[in-house]
Amino acid sequence: MTTPATTPDVRKRSLSSTLDRIRVRSKRMIDPLTDDDVHRQHSELMSPLVWDVGHVANFEEWWLVREVGGGQPHDVRLDHVYNPFDNPRWVRADLPILPRTEALDYMDNVRGEAQLVLDRARFDTGDELLRDGYVFEMIVQHEAQHQETMLQALDLRSDLAPYLPAAHPHRPDPRRAVDDEERIVIPGGRFVMGTDDRSAAYDNERPAHTVDVATFAIDKYPVTARRFAAFVADGGYERPELWTAAGRTWLESTDARAPGGWIPKLGGGWLVRRFGRIFDLDPAEIVEHVSFHEAEAFARWAGGRLPTEFEWEKAASWDPGTRTAHAYPWGDERPDTSRANLGHVGWGPSRAGGYPAGASAYGVEHLLGDTYEWTTSFFQPYPGYTTFPYPEYSEVFFGEDYRVLRGASWATSRSVARTTFRNWDYPIRRQIFSGIRVAWDIETESP
């Protein structure tokens with residue numbers, strides 16, 4: 001998020017640099033892959049990677065070249081090919097998508113035109129799209145979110161040769177011993193949730209509004225592999241009382257008996273497959289690739305429940321000392337590698353306790369980075385919500401089909417990670433980098 005004091009020229013230079021940086025990352029992601037790797041669709045849950053490349057270019061062309069710049073489309077037929085609502089993921093491999101080289105050329109050509117639009121743009125005309133460069137920030141975030149989707153596809157594939165960029169993760173090795181079951185009590189009361197920021201935040205994060213929550217306790221750290229392995233060993237997947245009817249239906253339709261990527265090890269313990277490599281699972285590592293149903297069953301087994309997104313955000317953003325909300329758990333300074341496992345640096349979740357500098361005012365850790373965290377909340381608009389700039393980002397998904405996930409994963413760009421960001425998905429999905437944080441009700445005496 002930007003500061004109001006930033007001048008237009010400085011803001012433009014910053015946006016240009018960020019656009020370049022995110023594009024370099026997109027290209028590096030597919031550089032080590034063969035044409036077959038980027039063109040094949042290995043799961044109906046995910047697009048061929050080359051579709052994402054073309055879609056990123058088409059989205060940028062639509063909003064920057066045409067909507068802001070008044071330019072013409074390169075090929076109007078591509079609007080249908082790369083429209084995600086016309087084409088669900090499982091049909092995209094059969095579309096006339098651009099081959100790898102042509103898709104990258106399309107990307108480069110659009111970016112050249114978009115840079116000219118940025119050079120000419122005025123941020124002081126009253127146009128909401130251009131105010132403080134919002135539309136350019138939206139393009140950055142859109143591309144970053146597709147990078148995360150592409151990494152989900154790569155991690156899901158068991159036939160992929162080891163993915164070279166993931167070979168050398170950079171994750172801290174905590175020197176302090178931590179209790180991975182430690183809880184923190186969050187006092188009840190009113191706090192400000194959401195944001196009025198219009199420089200980067202999506203419409204579903206707005207507006208800021210006051211919410212009252214009761215006192216509750218919450219895990220200091222997300223659930224670790226050790227804790228989840230204990231759930232598995234205790235027959236957690238076979239105990240119907242831990243699962244809702246929808247959860248049991250999901251279990252019956254799948255062979256899931258452990259998080260995605262886990263492989264039983266001869267003699268006990270677990271291996272994990274990640275980006276084509278198989279290695280011993282670290283018990284202290286934060287668990288990922290679990291569905292909402294698995295998260296909910298684990299929480300019930302642990303004697304608690306999943307938090308609401310209201311509780312999660314209070315634990316993450318609210319500073320009870322100053323009675324203000326922060327953009328990040330630690331304050332308003334942008335993320336760096338000392339505070340959070342973000343931006344494709346760790347290539348997997350870290351060990352619990354690895355980022356004490358990223359703790360919130362209440363002392364809750366790992367709230368940004370490592371994994372998104374399931375909440376019990378349905379994806380609904382906030383009071384006073386208005387759609388901007390298009391309904392297909394948020395509005396069409398509101399309802400009870402989707403559960404909200406909060407936080408960010410190790411694959412989330414720093415441009416996207418913030419305490420107000422809301423992710424959402426179907427409860428059955430677990431290809432996403434999703435984890436668990438348990439909450440508990442706290443009984444308080446009446447005054």
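The values are calculated or read from the model by the stated rules, or taken from the named source; none is laboratory data. Given the structure is predicted, the values throughout are model-derived calculations rather than measurements. Don't worry about glycine lacking a Cβ; one is built from the backbone with ideal geometry, like all the others, and counts go over all protein chains shown. When the accessible area is computed, the model is the full protein with side chains, heavy atoms only, and any ligands, DNA or RNA have been set aside. Shrake-Rupley method; radii C 1.70, N 1.55, O 1.52, S 1.80 Å.
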Which residues, taken from the stretch 59-75, are in contact (Cβ under 8 Å) with a residue 24 or more places away in the chain and farther than 30 Å from PRO427 by Cβ? GLU60, GLU61, TRP63, LEU64, VAL65, GLU67, VAL68, GLY69, GLY71, HIS74
Out of the stretch 166-179, which residues are surrounded by 15 or more Cβ atoms within 10 Å (Cβ to Cβ) and within 23 Å of the chain's Cα centre (by Cα)? ALA166, PRO169, ARG171, PRO172
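Mind listing whichever residues of the stretch 64-86 are in contact with a His (Cβ under 8 Å, 6 or more places away or on another chain) and within 19 Å of GLU143 (Cβ to Cβ)?
From the stretch 64-86, those in contact with a His (Cβ under 8 Å, 6 or more places away or on another chain) are 82, 84, 86; that's our starting set.
Hits for the stretch 64-86 are TYR82, PRO84.
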Which members of the stretch 136-160 meet the condition of being more than 15 Å from TRP347 (Cα to Cα), open to solvent by 10 Å² or more (accessible area, probe 1.4 Å) and of a type in the set (Asp, Glu)? GLU137, ASP159
If ASP425 satisfies all but one of (1) free of Cβ contacts under 8 Å to residues at least 12 places away in the same chain; (2) under 16 Å from the mean Cα position of the chain (by Cα), what's the number of the condition it fails? (1)
Working carefully through the options GLN147, GLN115, find the one that is of a type in the set (S, T, N, Q) and touching a Leu at 6+ places or on another chain (Cβ under 8 Å). GLN115
I need the full set of residues from the stretch 49-80 which are open to solvent by less than 10 Å² (accessible area, probe 1.4 Å) and more than 27 Å from TYR134 (Cβ to Cβ), in order please. LEU49, VAL50
Report every pair of residues separated by at least 6 positions or lying on different chains whose Cβ atoms are under 7 Å apart, first residue within the stretch 87-115 and free of Cβ contacts under 8 Å to residues at least 24 places away in the same chain, second part of a helix (DSSP H, G or I) and aliphatic (A, V, I, L, M). PRO96/VAL81
Within the stretch 105-134, how many residues are under 25 Å from the mean Cα position of the chain (by Cα), in a helix (DSSP H, G or I) and of a type in the set (A, V, I, L, M, F, W, C)? 1
With respect to ALA327, is the statement that it is under 17 Å from the mean Cα position of the chain (by Cα), closer than 18 Å to PHE216 by Cβ and either open to solvent by less than 10 Å² (accessible area, probe 1.4 Å) or at pLDDT 95 or above (or both) true? no
Taking the condition of a type outside the set (Asp, Glu), in contact (Cβ under 8 Å) with a residue 40 or more places away in the chain and open to solvent by 50 Å² or more (accessible area, probe 1.4 Å), does PRO320 pass? yes
Report the residue count in the stretch 19-46 for those that are open to solvent by 10 Å² or more (accessible area, probe 1.4 Å), farther than 21 Å from ASN109 by Cα and either among the aromatic types (Phe, Trp, Tyr) or not in a helix (DSSP H, G or I) (or both). 9
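Just one of GLU288, GLU313 is of a type in the set (D, E, K, R) and outside any helix (DSSP H, G or I); which is it? Don't jump to the end; show me each part of the working.
Details: GLU313 fails: outside any helix (DSSP H, G or I).
Just a single option satisfies the conditions, and that option is GLU288.
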Residue within the stretch 300-307 that is basic (Lys, Arg), open to solvent by 20 Å² or more (accessible area, probe 1.4 Å) and free of Cβ contacts under 8 Å to residues at least 60 places away in the same chain present: yes
Scanning for something without any contact (Cβ under 8 Å) to a residue 40 or more places away in the chain and basic (Lys, Arg), does the stretch 27-39 turn up at least one residue? no
Restricting to the stretch 273-287, name every residue that is under 20 Å from ARG437 (Cβ atoms), open to solvent by less than 70 Å² (accessible area, probe 1.4 Å) and out of contact with any strand residue (DSSP E or B) (no Cβ under 6 Å at 6 or more places or on another chain). ASP282
When ALA297 is evaluated against the numbered criteria (1) in contact with a Leu (Cβ under 6 Å, 6 or more places away or on another chain); (2) closer than 16 Å to TYR221 by Cα, which criterion, by number, is the only one it fails? (2)
